[in-house]
Amino acid sequence: MTGIRSWTTTCGDMPAFVAVPDCAAKAPAVIVVHERYGFVRHTRDLAERFAHDGLVAIAPDLYFRHPDQEALHRGDANCDVADPDALIALGAAMDALKAIPQADPARLAVMGICQTGRLPLVVAASRPIAAALVWYGAAQPREWAVNGKYPRALDEIVAAADCPVLGMFGETDHLISIDDIRRFRDCLERHGKTFSIHVYRDAPHGWLNDTMPGRYRRAQAEAAWADQRAFLEQVLAPGYDRSTRVQRYAAGIAVDYDFSRNVRHE
């Protein structure tokens, strides 16, 4: 495991947490976009874990303007940021990475989780990045709607995204059904994208978050992180060959799967 250094910074007026490998060599980078709870300990932990894996990580606080941060962190309040505003904020985070000597902006991944799961695709449809990491998001029925928050159709966003996509989902997610995941997969396939989608057996919504014991599933989380690491080692390699389209779908699904039985865990 690589040693790391970390600090806080600002991207314009937006706070951000930075974690970097303790070495001078250039390294790939990742923007870690928090869940609906805003910037919390889990967000920082993910950034630090990426740094231990050898990536420069920056985790911006997209919801810093919310007036009640404690309620937001508890999940008792919501903060809706429209895709265009999120794109501006993430652009500021991308610019901040350019000031970090170790960061290689040409090898940049963006990670979104749950409510922010679509944002890596939003970025990839507008700016060049090397990978979009979608964790149990971008697949609910509401994601396909066009409205003030989502002014550009998800199908159009996927069509415009020009990078490999990693999709990480749980079989027992109460918000995203297997049919929803297949719809997302089919959209990627229809538009000729390189993707790797995983569905982990017995994993509820939020199963990566080890600060929420009711949701966290250690075995699935560790397997998924290893799968993500392998994906990133491939697509962020300096000589990665983009001339071949690679499409993978691996799913663990119970024979008697019934979405109506999936429940929310705390």
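For the reader, a short list of remarks on this structure follows.
- Once the Kirkwood radius over Cα pairs is known for the stretch 143-266, the Stokes-Einstein relation at 37 °C and 0.692 mPa s delivers a diffusion coefficient of 207 µm²/s.
- Annotation: residue 152 carries an accessible surface of approximately 80 Å², with a 1.4 Å probe and no ligand, DNA or RNA atoms counted.
- Length gained on full extension, residue 179 to residue 9: 57.1 nm, using 0.36 nm per residue less the C-alpha separation.
- Heavy atoms of residue 189: accessible area, 1.4 Å probe, square angstrom to 10: 100
- Separation in nanometres of the label points that stand 7 Å from Cα toward Cβ, at residue 222 and residue 145: 4.0
- Comparing 31, 88, 113 in a Gaussian network model of the chain (Cα springs below 10 Å), the most mobile by mean-square fluctuation is 88.
- Karplus-derived 3J(HN,Hα) values for the stretch 257-266, using 6.51 cos²θ - 1.76 cosθ + 1.60 with θ = phi - 60°, are 3, 9, 4, 5, 8, 6, 10, 6, 10, 9 Hz; glycine and proline are entered as x.
- In Å², nearest 10: area of residue 263 left accessible to a 1.4 Å probe: 80
- Protein heavy-atom surface of the chain, 1.4 angstrom probe: 50% of the accessible area is carbon and sulfur, with nucleic acids and ligands not counted.
- Accessible area in square angstrom per residue, the stretch 82-213, 1.4 angstrom probe: 32
- Förster-model FRET efficiency, 25 Å R0, residue 250 and residue 92, C-beta, rounded to 0.05: 0.10
The values are calculated or read from the model by the stated rules, or taken from the named source; none is laboratory data. Since this is a predicted model, take the numbers as computed values, not measurements. Reconstructed Cβ throughout: ideal geometry from the backbone, glycine too, with neighbour counts over all protein chains shown. Just so you know, the surface numbers come from the protein's heavy atoms only, side chains and all, with ligands and any DNA or RNA stripped out. Shrake-Rupley method; radii C 1.70, N 1.55, O 1.52, S 1.80 Å.
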